[in-house]
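Taking it in order: structure first as C-alpha cells, then the write-up.
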Amino acid sequence: MKSFLSVLIVPAILLGTACGSAGEKQQSDGQTATLPLEIVRNHQLMDVLFPEGTEAEVLASGYEWTEGPLWVDAEDMLLFSEIPSNTVYRWTASDGVSVFLNPSGYTGETDRGGEVGSNGLLLSPTGDLVLCQHGDRQLGKMIASWSSPKPEYETIVGEYKGMRFNSPNDATYDSQGNLFFTDPPYGLEFNIDDPAKELDFQGVYRFSADGELTLLLDSITRPNGIAFLPGEQTLIIANSDPKKPRWYSYKLEDQGKSLTDGKLFFDGSEAFQTEKGLPDGLKVSSEGILFATGPGGVWVFDALGNVIGKLKVGELTSNVALDTAESYLYVTADSYVIRIPIQKNLKG
C-alpha cells in the first residue's frame, strides 16, 4: 500500500481554505456527548482522516485544566493530568473516569500555590509510567504496579549541575531509551520570577539510557511540547511564549547528544492575534503527521511544516495523544477530555 508519508509532503501551492464542521450532541438516554467540531481542510488528506460527520466525543468534563493525555494499550485506558488538583485520572470505556494517582506532581508537605500537579505523561521503554512532575520539579517514575497504583515515585532526574529544574513539562523517549524533555517555568509558584528558580534559562535536555544528562538547548524562551519525526533524525519543539508562538525543528547529531540546524517549523504569530491558545503539546504519527495544540485548537502538519488542516473544538487545547492503532486522537481541552476518530488508520 502507498505510504501516507509520500502524500504528506504537500507543496504549499496545493493548500486550500475549505472547511467543514460537525454539530454538538448532548448526552441523554445513552447518547454520547460531543463538542462542536470545526474541521479546517487545507488538503484532501483531511477528508480521508476526518470525513464529514466526524465528531469530538466528550470522555470527561468538569475539570479546571486538563493536560498530558496518555493511552496505555496494555491496560486499555487513557490517563490524563489535572494540574490544579494534583491528580492523574484514568478513563476506560467500561468504567468511565476515576482517580488514578493523587498526589501526582507535588508530594511535599508544605502548602504552595502555582501549577503543582503532573503535566506530561509517558511510558518508559520498560512500560513504567513516567510523569513530568511540576511541583516536585523532576521526572518521576511510578514504582507501584498498574493494578494497584499508588503515589509512590522514584526520581529519574531532578537537577542540572546541582541546580533543580524549573518544572519539567513534556517529554519523549527515543528508540534507544534516551529521554528528551522540556523545562519551562510554569510549575513554579511565581513562574519566571519565582525566587526558588535556580536556573537562569529554560532548557531542553537529553537524559541518556546510561544516566548522562545533557543540556541540548537554552535558547527557547518557553519550551513545551516535544516529539520526533519518524526516523528520529528531527526533533520538533513547541514554544509557548506569547511573544514567540512558534514550533521549531532541529537535527540530531552525535547519537542525539547535540542539536543542529535549528529552523522555524511554523510561526503561529499571525493566528495568535485572532485565536486563543499557544503552541503546547504535540504528537507525531508513525507516518509523519504532526498533531499540535496551538492557537484555535489542534493543528495538523505534514513533515515539512505545511498546514494540512485544523481541528477546532471551541476550547483551549493543551495536549494530544494517539492510541496504539492510531485510530483515535485524544485531546485535553480546558475542562474537557475528548477523542476524535481518525477514519483512515494512519498505519495503513
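The values are calculated or read from the model by the stated rules, or taken from the named source; none is laboratory data. Computed from a predicted model, the values in this text were never measured in an experiment. So basically every Cβ, Gly included, is an ideal-geometry build from the backbone, and we count neighbours across all protein chains shown.
Go through (1) surrounded by fewer than 23 Cβ atoms within 10 Å (Cβ to Cβ); (2) without any contact (Cβ under 8 Å) to a residue 60 or more places away in the chain; (3) of a type outside the set (Lys, Arg) and name the single condition residue 302 misses.
Only one criterion in (1) surrounded by fewer than 23 Cβ atoms within 10 Å (Cβ to Cβ); (2) without any contact (Cβ under 8 Å) to a residue 60 or more places away in the chain; (3) of a type outside the set (Lys, Arg) is unmet by residue 302, namely (2).
Within segment 305-337, track down each residue that is touching a helix residue (DSSP H, G or I) at 6+ places or on another chain (Cβ under 8 Å) and hydrophobic (A, V, I, L, M, F, W, C).
308 - this is the single residue of segment 305-337 that is touching a helix residue (DSSP H, G or I) at 6+ places or on another chain (Cβ under 8 Å) and hydrophobic (A, V, I, L, M, F, W, C).
Exactly one of these conditions fails for residue 109: (1) surrounded by fewer than 22 Cβ atoms within 10 Å (Cβ to Cβ); (2) touching a residue at least 12 places away in the same chain (Cβ under 8 Å). Give me its number.
(2) is the only condition that residue 109 fails.
Somewhere in segment 149-162, is a residue β-branched (Val, Ile, Thr) and touching a residue at least 24 places away in the same chain (Cβ under 8 Å)?
Looking through segment 149-162, at least one residue is β-branched (Val, Ile, Thr) and touching a residue at least 24 places away in the same chain (Cβ under 8 Å).
With the requirement that a residue be under 16 Å from residue 248 (Cβ atoms) and assigned to a loop (DSSP other than H, G, I, E, B), what does segment 270-290 give you?
Passing the criteria: 278, 279, 280, 281.
With the condition kept exactly as written, say whether any residue in segment 238-245 is at pLDDT 95 or above, under 27 Å from residue 327 (Cβ atoms) and of a type outside the set (D, E, K, R).
yes
Can you report the number of residues in segment 79-99 which are closer than 15 Å to residue 120 by Cα, surrounded by 17 or more Cβ atoms within 10 Å (Cβ to Cβ) and not hydroxyl-bearing (Ser, Thr, Tyr)?
Matching residues across segment 79-99 total 7.
Restricting to segment 128-148, name every residue that is part of a loop (DSSP other than H, G, I, E, B), touching an Asp or Glu at 6+ places or on another chain (Cβ under 7 Å) and either in contact (Cβ under 8 Å) with a residue 60 or more places away in the chain or closer than 26 Å to residue 239 by Cα (or both).
Within segment 128-148, 134, 146 qualify.
Only residues that are crowded, with 16+ Cβ neighbours inside 10 Å and in a strand (DSSP E or B): list them for segment 244-266, please.
Result: 244, 245, 246, 247, 248, 249, 250, 252, 259, 265, 266.
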